[in-house]
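Down below is the structure, laid out as structure tokens.
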Amino acid sequence: MSKTLIVTLNYNSIDLIGPLYSSINEKLPKEGWEWLIRDNSDSRPLADIADNRVKILPRKNEGTFASQHNDLMKEKLFDKYEYLILLNNDMIAVNDFLTPMIKILKDDDTVGAVGAQLFYPNGQLQHGGICITHDKMPFNINQYTFKKASIWPTIPQKNRTFQAVTGACLAMRVSDYKKLGGMDENFHWCFDDVDLCLRVTQELGKLCVYCVDAKLIHIENYSTLKNPTNLKPNFPMAFERLKNKFQHNLRGDIQFYQGEYGEYK
């Protein structure tokens, strides 16, 4: 029986799923995982992929990133799996990202969430962990922020601990996801992943780890641009909620990554 469930939300992006499937099929192990695609497409719903590891679940395009994942948990679709990987549809696997991410969770029960190294289609770094500024704003560590924020350039080159990692490709134990009750559904398509990671560290007392050996290309915000207005990110609202929810427990940590800090074994 498969131990890892990969979950992807898809909205009117049939052109993305084919290349993502091809990369997963080529790079990942042949066994040990299944892929559940929640297809919210209106005009061109996905046809079944001829692979018994892949299940397409037609659903209405409503709710938030968080609620659409939580609905799957409530339907008990996670129950037979030990591990869960949240994976955006606008991704291409560069290597076998699953094995090193799950290995960290298997080898260390003090780790609660694992994020991947992501690149823009032009090959430039898109995510090497998430820093939080002194005014509490989370941002991805990448080559655009090295100079702007004086982040030490070698930070993304090793496994490291962070307060948060991106939800574009995020691995957790199913049991931990359930203990947290899933994601906070009051975030509107942004910072829900940061909130999840902060609760992993603060409620479960576990670590968030960035895994340099898990590599994917991220065609950022592709599906969001196609979504109706009510399903687009509301950054000001989400940022205010994040600050108000955690208050003193949301700490700026940018200074730590302006030097070598947080290396994970």
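The values are calculated or read from the model by the stated rules, or taken from the named source; none is laboratory data. Just so it is clear, the structure is predicted and the values come from calculations on it, not from any experiment. Reconstructed Cβ throughout: ideal geometry from the backbone, glycine too, with neighbour counts over all protein chains shown. Calculation scope for accessible area: heavy atoms of the full protein, side chains included, ligands and nucleic acids excluded. Shrake-Rupley method; radii C 1.70, N 1.55, O 1.52, S 1.80 Å.
Enter the angle in degrees (range 0 to 90, nearest 10) between the Cα long axis of helix 235-246 and the first principal axis of the Cα atoms of the chain, meaning the one along which they spread out most.
60 degrees
Please calculate the 1.4 Å probe accessible area of LEU204, with all protein chains present, and give it to the nearest 10 Å².
The value for LEU204 is about 50 Å².
Rank these residues by their accessible area, most exposed first, probe 1.4 Å: GLU31, GLU260.
Ranked from most to least accessible, the order is GLU31, GLU260.
With a 1.4 Å probe and all protein chains left in place, how much accessible area per residue does the chain have, in Å²?
44 Å²
Return one number: the angle in degrees, 0 to 90 and rounded to the nearest 10, between the long axis of the Cα atoms of helix 192-202 and the longest principal axis of the Cα atoms of the chain.
Between the helix axis and the principal axis of the chain, the angle is about 60 degrees.
Nearest 10 degrees is fine. How inclined is helix 98-107 to the longest principal axis of the chain, computing both from alpha carbons?
That helix lies at roughly 60 degrees to the long axis.
Return the carbon/sulfur percentage of the accessible area of the chain, one whole number, probe 1.4 Å, all protein chains in place.
52 percent
Report, in debye and to the nearest 20, how large the dipole of region 96-141 comes out about its Cα centre when Lys and Arg carry +1 and Asp and Glu carry -1 on their Cβ.
100 debye
Taking Cα centroids, how far is region 21-88 from region 119-136 in Å?
If we compute the Cα centre of each part, the gap is 26 Å.
To check my understanding: the extent here is largest minus smallest coordinate of the Cα atoms along each principal axis. What are those three numbers for region 10-54, in Å, largest first?
Principal-axis extents of region 10-54 (Cα, largest first): 33, 16, 14 Å.
Between LYS243 and GLU31, take the C-beta separation as r, use R0 = 51 Å, and let me know the FRET efficiency to the nearest 0.05.
Approximately 0.70, to the nearest 0.05.
For region 52-201, what is the per residue volume of the convex hull drawn over the alpha-carbon atoms, in cubic angstrom?
141 Å³
Among DSSP beta bridges whose residues both lie in region 55-210, state the antiparallel percentage, nearest 5.
Close to 80 percent.
Which one of THR64, LEU87, ILE49 has its Cα pushed farthest toward the positive end of the charge dipole of region 48-99, where Lys and Arg give +1 and Asp and Glu give -1 at the Cβ?
The one lying farthest along the dipole's positive direction is THR64.
So what J values fall out for region 90-95 if you push phi through Karplus, 6.51 cos²θ - 1.76 cosθ + 1.60 with θ = phi - 60°, rounded to Hz, Gly and Pro as x?
Once θ is set to phi - 60°, the couplings for region 90-95 become 8, 10, 9, 6, 8, 8 Hz.
Apply the Karplus curve 6.51 cos²θ - 1.76 cosθ + 1.60, θ = phi - 60°, to the phi angles in region 51-68 and return the couplings in whole Hz, x for Gly and Pro.
Listing the rounded values in order: 7, 6, 7, 10, 10, 9, 10, x, 8, 5, 7, 8, x, 10, 3, 5, 5, 5 Hz.
So for the chain, taking the charge dipole from beta-carbon charges (+1 Lys/Arg, -1 Asp/Glu), which of THR110, THR166, TRP189 sits furthest toward the positive end?
THR110
For the chain, what does -39500 (n - 2.57) per DSSP helix run (n ≥ 4), summed and divided by total residues, give at 222 nm, in deg cm²/dmol to the nearest 500?
Mean residue ellipticity at 222 nm (helix-derived): -8000 deg cm²/dmol.
Can you give the accessible area of ARG53, probe radius 1.4 Å, in Å² rounded to 10?
Roll a 1.4 Å probe over it and ARG53 shows about 40 Å².
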